[in-house]
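Read-outs: derived from the displayed coordinates by stated rules, not from any lab. Here the structure is a predicted model, which is why all the values come from computation and not from measurement. A quick note on method: Cβ atoms are made from the backbone with ideal geometry, for glycine too, and the neighbour counts reach across all protein chains shown.
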Amino acid sequence: MKPPRSALPLPRYVERKPTGAGWAHFFHVPTWAKRTGCPLRSEPLGLDYAAAVKRAEKILLPAFDAWRTGDASTATTPVIAAVGTLDWMFAEYRADRRYTKLDPKSKRNHEVGFKLVGGYVLKDRTRLGEKRLTVIDTALTDDLYEKLLILRTTDAKGNQVERERRTTVNHAMKSCRRAWNVCARRNPGKLPLVNPFAQMGLRSSDRETPTATYDELIAFRTKAVEMNLSSLATAALIGWEWLQRETDIFATFDVSHYRSKERANMVRVVDEKTKQSGWVPLFDDDGAALYPELMAELDAIKRDRIGGLMLCRDWGNRGPWPTWPKPDTPDFTHMSRKVKEVIRAAGLRDELSFASFRHGGFTETGDAELTDREIMAQGRKATIKTLPKYVKRTTRQIVSGTKMRRASRTKDGHLSE
C-alpha cells in the first residue's frame, strides 16, 4: 500500500519513492555527470524529509556545483563520503561537538589515525574508508592492526628497513573506536551494534620519550643561536634546569616572574599541568649564581622588556611562539617544527623533541644522586605516582640539588671550575 501522497518540495536531483515505512528519499547523480567524471555518488537519504533536504542542500549540491563549475575557490571540495561508509563515520565525528571542542593536537592525532585506517588500500585496490560499516568486523580490524604495525621503508642505500610503530597504530585504533561510538549516538540504528575497534587488547609501546644528553643540549643551543633562534636555545636550557614543559616555558613564563622588585634573587616557576608553582632561588647562601648561563640570557631579555611573555619569536614583530585557536589552549605546532629543524641541522638524533631536554634534566638529577626530596623540589612533584611519598620542598633542597647537578657536570668534564 502506497503511503499518503507528499507534495513537499525537493532539492535538485533528489527523488522520493514509496516504501512500506513511508516515503524514502534518494540523491541521484545525473547520468551526464557520471559520464564526465563526477566524483560524487548517488546515495539514499533516508525517510526523514528534513534530514534529507539538509544533506542535499548543505553538502551534496554545493559539492556537485563546485565540481560542475570548476570554481577555483572550491576546487578542493572533498568527495562526499557515501552514507554508511567508514569515511562517512569519520565525517560525522568531525561534525560533532565532541570533536570540535578538542584542542588542535588531539584533532591532529585523530586525523593521523583516520588517514592511516581509512586510507589503507585493500586487495581490490579500494580504500578501506570506502567500505560500508557492515563489512568491517572484529576479524578485519585485528588483521588490519597487524598489517599496519610494521612500517617498511627503504634507506639511502636501498636496503629495506622495518620498524614498529605501535604507539601510532594504537592511537589510530582508539580514534576509530571513539568515532564509531560518537557516530552511533548521532545516528541511532545506522551502525552495527558491535564496535569492531573496541576491546582490541592493545598493548602499550615500550618506547619512552627520548632523553637528550647534556652534550646534545649544548649542540642544540649552539645551532639554534647560529640559526638566529636564540629564544629556542634559552627555552631548551629552561626545560633542562627548571624541568618545565613547553606550556610553562612558552605560554606561561612572564617577564614579571623573573627577578621582580619584590624578589630580585628568585624566579617564579609555574607548572600548569599539576597547578604547582613556587619561587626558585637564583643564588646560594654565598651569593654565587646557581644558573649563570641561563641567568645571563634572561637578564639580557628582561633589560629590553617591560612585560609580557619572556620568550617570543626571534623575527618580525616578535609575537608569542604558540597560537591560541581556543582560549587557554595554546598550540605549539610551529614551535615544534622549528625545534625539529634545529635538531636536524645540528645532526642530532631525529627522535629527539623539545620534551627530550626536560627528560634529560630529570635524568641528570638521578645521575647526580639527588635525594627524593631534592628531586621533588626541583621538579615540583607532589604525587605518589612520581615519588615514593609526599614531602615538603624547601629552597634549601633546591639549592642543594642544583649544586649537586652542576658538580656532576664538572665531574663529567662539561663545566670548568
Using a Förster distance of 45 Å, how high is the FRET efficiency between residue 100 and residue 285, based on the Cβ-Cβ distance and rounded to 0.05?
-> 0.25
What percent does the relative contact order of the range 146-259 come to when contacts are Cα pairs within less than 8 Å and at least six residues apart?
-> 13 percent
Can you give me the relative contact order of the range 86-186 as a percent, contacts being Cα pairs under 8 Å and 6 or more apart?
-> 37 percent
What order do you get for 241-253, 272-284 when each peptide is scored by the mean count of other beta carbon atoms within 10 Å, highest first?
-> 241-253, 272-284
Order these peptides, 344-351, 81-88, 149-156, 262-269, by their mean beta-carbon neighbour count within 10 angstrom, highest first.
-> 81-88, 262-269, 344-351, 149-156
For the range 285-293, just list the computed ³J(HN,Hα) in residue order, Karplus coefficients 6.51, -1.76 and 1.60, θ = phi - 60°, integers in Hz, with x standing in for Gly and Pro.
-> 5, 8, x, 7, 5, 7, 10, x, 5
Sorted by chain and number, the residues with a modelled amide H under 5 Å from that of residue 277, at a separation of 5 or more or across chains, are 271
Tensor-based shape of the range 43-179 (alpha-carbon gyration tensor, a/c under 1.5 rounded, otherwise prolate or oblate) | prolate
Over all Cα pairs of the range 14-74, how is the pair count split among 10 Å bins, expressed in % and running from 0 up to the last occupied bin?
-> 21, 47, 25, 6, 1
Expected vector for the range 177-191, Karplus 3J(HN,Hα) from phi with 6.51, -1.76, 1.60 and θ = phi - 60°, integer Hz, x for Gly and Pro, equals 4, 5, 4, 4, 5, 5, 5, 5, 6, 6, 10, x, x, 8, 10
Would you please give the residues with an amide H less than 5 Å from that of residue 24, counting only those at least 5 places away or on a separate chain, with H modeled from the backbone geometry?
-> 17, 19
For the range 251-332, what is the convex hull volume of its Cα atoms per residue in Å³?
-> 124 Å³
Expected sort for 8-17, 55-64, 176-185, 41-50 on mean C-beta neighbours within 10 Å, highest first, is 176-185, 55-64, 41-50, 8-17
